[in-house]
Amino acid sequence: MNKHLIFQKIIRKEIPSNIVYQDNIVTAFTDIQPKAPIHILIVPNDFIKSANDINKKNKDIFAHMLYVIVNIAKEKRISKEGYKIIINCNKNGGQEINYFHMHLLGGKKLKSLY
Ligand code: 5GP
(Lines give C-alpha, C1' and ligand atoms only; values in the text may rest on other atoms or scores of the structure.)
Protein backbone atom coordinates (compact mmCIF):
# COMPACT_ATOMS: atom_id res chain seq x y z
CA MET A 1 0.00 0.00 0.00
CA ASN A 2 1.26 3.50 -0.82
CA LYS A 3 2.38 4.82 2.54
CA HIS A 4 0.39 8.07 2.48
CA LEU A 5 -2.79 6.03 2.01
CA ILE A 6 -2.26 4.63 5.51
CA PHE A 7 -2.99 8.05 7.02
CA GLN A 8 -6.04 8.50 4.78
CA LYS A 9 -7.37 5.15 5.97
CA ILE A 10 -6.76 6.11 9.61
CA ILE A 11 -8.68 9.39 9.13
CA ARG A 12 -11.59 7.51 7.55
CA LYS A 13 -11.39 4.84 10.27
CA GLU A 14 -10.90 2.16 7.63
CA ILE A 15 -7.94 0.67 9.52
CA PRO A 16 -7.48 0.44 13.30
CA SER A 17 -5.65 3.23 15.11
CA ASN A 18 -5.81 5.06 18.38
CA ILE A 19 -7.45 8.38 17.46
CA VAL A 20 -7.07 10.84 20.35
CA TYR A 21 -8.80 13.77 18.65
CA GLN A 22 -10.76 14.40 15.46
CA ASP A 23 -12.74 17.30 14.06
CA ASN A 24 -13.71 18.34 10.54
CA ILE A 25 -10.22 19.73 9.81
CA VAL A 26 -7.68 17.46 11.57
CA THR A 27 -7.14 14.00 13.05
CA ALA A 28 -4.64 13.14 15.81
CA PHE A 29 -3.61 9.56 16.63
CA THR A 30 -0.85 7.74 18.46
CA ASP A 31 2.26 6.78 16.50
CA ILE A 32 2.54 3.05 15.82
CA GLN A 33 6.25 3.07 16.80
CA PRO A 34 6.41 5.61 19.63
CA LYS A 35 9.78 7.32 20.17
CA ALA A 36 8.65 8.71 23.56
CA PRO A 37 6.02 7.85 26.20
CA ILE A 38 3.70 10.31 24.42
CA HIS A 39 4.05 10.24 20.62
CA ILE A 40 1.06 11.57 18.73
CA LEU A 41 0.73 12.45 15.05
CA ILE A 42 -1.64 15.10 13.75
CA VAL A 43 -2.70 15.32 10.12
CA PRO A 44 -5.05 17.50 8.06
CA ASN A 45 -8.13 15.52 6.99
CA ASP A 46 -7.72 16.76 3.42
CA PHE A 47 -4.50 15.54 1.82
CA ILE A 48 -1.45 17.84 1.93
CA LYS A 49 1.83 16.22 0.89
CA SER A 50 4.49 18.15 2.80
CA ALA A 51 5.40 21.46 4.43
CA ASN A 52 6.26 22.65 0.93
CA ASP A 53 2.54 22.67 0.17
CA ILE A 54 1.63 25.27 2.80
CA ASN A 55 0.21 28.24 0.92
CA LYS A 56 -1.84 31.39 1.36
CA LYS A 57 -5.12 29.52 0.84
CA ASN A 58 -4.55 26.64 3.30
CA LYS A 59 -2.29 28.26 5.94
CA ASP A 60 -5.04 28.45 8.61
CA ILE A 61 -5.09 24.64 8.75
CA PHE A 62 -1.56 24.64 10.17
CA ALA A 63 -2.43 27.13 12.91
CA HIS A 64 -5.37 24.88 13.81
CA MET A 65 -3.09 21.82 13.90
CA LEU A 66 -0.75 23.60 16.27
CA TYR A 67 -3.65 24.76 18.45
CA VAL A 68 -5.04 21.21 18.67
CA ILE A 69 -1.67 19.61 19.38
CA VAL A 70 -0.87 22.06 22.17
CA ASN A 71 -4.24 21.29 23.72
CA ILE A 72 -3.55 17.56 23.48
CA ALA A 73 -0.22 18.17 25.28
CA LYS A 74 -2.18 19.90 28.07
CA GLU A 75 -4.72 17.06 28.26
CA LYS A 76 -1.89 14.51 28.41
CA ARG A 77 -0.33 16.59 31.22
CA ILE A 78 3.04 16.98 29.50
CA SER A 79 2.84 20.73 28.92
CA LYS A 80 4.46 21.80 32.18
CA GLU A 81 7.50 19.53 31.77
CA GLY A 82 7.61 20.28 28.07
CA TYR A 83 7.52 18.54 24.72
CA LYS A 84 8.68 18.69 21.12
CA ILE A 85 6.62 19.35 18.02
CA ILE A 86 8.41 18.09 14.90
CA ILE A 87 7.70 18.46 11.19
CA ASN A 88 9.88 16.40 8.84
CA CYS A 89 9.97 17.57 5.22
CA ASN A 90 11.03 15.35 2.32
CA LYS A 91 14.18 13.23 2.06
CA ASN A 92 16.70 15.34 3.94
CA GLY A 93 14.17 16.17 6.66
CA GLY A 94 13.46 12.47 7.22
CA GLN A 95 9.83 12.48 6.06
CA GLU A 96 8.89 8.83 5.56
CA ILE A 97 5.19 9.26 4.99
CA ASN A 98 4.29 11.70 2.23
CA TYR A 99 1.22 13.03 4.01
CA PHE A 100 1.87 16.22 5.98
CA HIS A 101 1.96 15.57 9.73
CA MET A 102 3.26 17.04 12.95
CA HIS A 103 4.74 14.85 15.70
CA LEU A 104 4.02 15.61 19.37
CA LEU A 105 6.65 13.97 21.59
CA GLY A 106 6.85 14.12 25.36
CA GLY A 107 6.74 12.32 28.66
CA LYS A 108 10.53 12.15 29.01
CA LYS A 109 13.57 14.39 28.56
CA LEU A 110 14.17 14.53 24.82
CA LYS A 111 17.56 15.15 23.29
CA SER A 112 18.17 18.19 21.18
CA LEU A 113 18.37 17.22 17.52
CA TYR A 114 21.20 19.59 16.63
P1 5GP B 1 7.85 10.78 9.35
O2 5GP B 1 9.19 10.10 9.41
O3 5GP B 1 7.23 10.65 7.99
O4 5GP B 1 7.90 12.20 9.85
O5 5GP B 1 6.95 10.03 10.39
C6 5GP B 1 6.06 9.01 10.05
C7 5GP B 1 5.56 8.39 11.34
O8 5GP B 1 4.43 7.59 11.04
C9 5GP B 1 6.59 7.47 12.03
O10 5GP B 1 6.85 7.95 13.35
C11 5GP B 1 5.90 6.11 12.03
O12 5GP B 1 6.15 5.36 13.21
C13 5GP B 1 4.43 6.47 11.88
N14 5GP B 1 3.63 5.45 11.22
C15 5GP B 1 3.96 4.75 10.11
N16 5GP B 1 2.96 3.90 9.77
C17 5GP B 1 1.98 4.07 10.70
C18 5GP B 1 0.71 3.45 10.89
O19 5GP B 1 0.25 2.59 10.13
N20 5GP B 1 -0.02 3.88 11.97
C21 5GP B 1 0.45 4.84 12.83
N22 5GP B 1 -0.35 5.18 13.86
N23 5GP B 1 1.64 5.44 12.67
C24 5GP B 1 2.40 5.07 11.63
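If you roll a 1.4 angstrom probe over the protein chains with everything in place, what fraction of the accessible area of the range 4-106 belongs to carbon and sulfur, to the nearest %?
It is 50 percent, rounded to a whole number.
Would you be so kind as to identify which of A36, L66, H4 lies farthest towards the positive end of the dipole of the range 1-71, taking Lys and Arg as +1 and Asp and Glu as -1 on Cβ and the Cα centre as origin? In the range 1-71, that residue is H4. Fully extending the segment from C89 to K76, taken as 0.36 nm per residue of separation minus the present Cα-Cα distance, adds 2.1 nm. Please build a GNM for the chain, connecting alpha carbons under 10 Å apart, and tell me which residue among L66, L41, L104 fluctuates the most. Comparing L66, L41, L104 in a Gaussian network model of the chain, the most mobile one is L66. Across the range 10-20, computed HN-Hα scalar couplings (Karplus, 6.51 cos²θ - 1.76 cosθ + 1.60, θ = phi - 60°) run 5, 4, 7, 6, 8, 10, x, 6, 9, 6, 9 Hz from first to last residue, x flagging Gly and Pro. Computed over the range 4-106, the quotient of the alpha carbon radius of gyration and 2.2 N^0.38 Å is 1.01. Would you list, by chain and number, the lysines whose Cα falls below 20 Å from the Cα of K3, excluding same-chain residues fewer than 8 positions away? Hits, sequence-local ones excluded: K13, K35, K49, K91. Looking at the chain, the accessible area is 66 square angstrom per residue; that uses a 1.4 Å probe and ignores ligands, DNA and RNA.
The values are calculated or read from the model by the stated rules, or taken from the named source; none is laboratory data. Keep in mind it's a predicted model, so treat the numbers as computed, not measured. We place every Cβ from the backbone using ideal geometry, glycine too, and count neighbours over all the protein chains shown. With ligands, DNA and RNA removed, areas are computed over all heavy atoms of the protein, side chains included. Shrake-Rupley method; radii C 1.70, N 1.55, O 1.52, S 1.80 Å.
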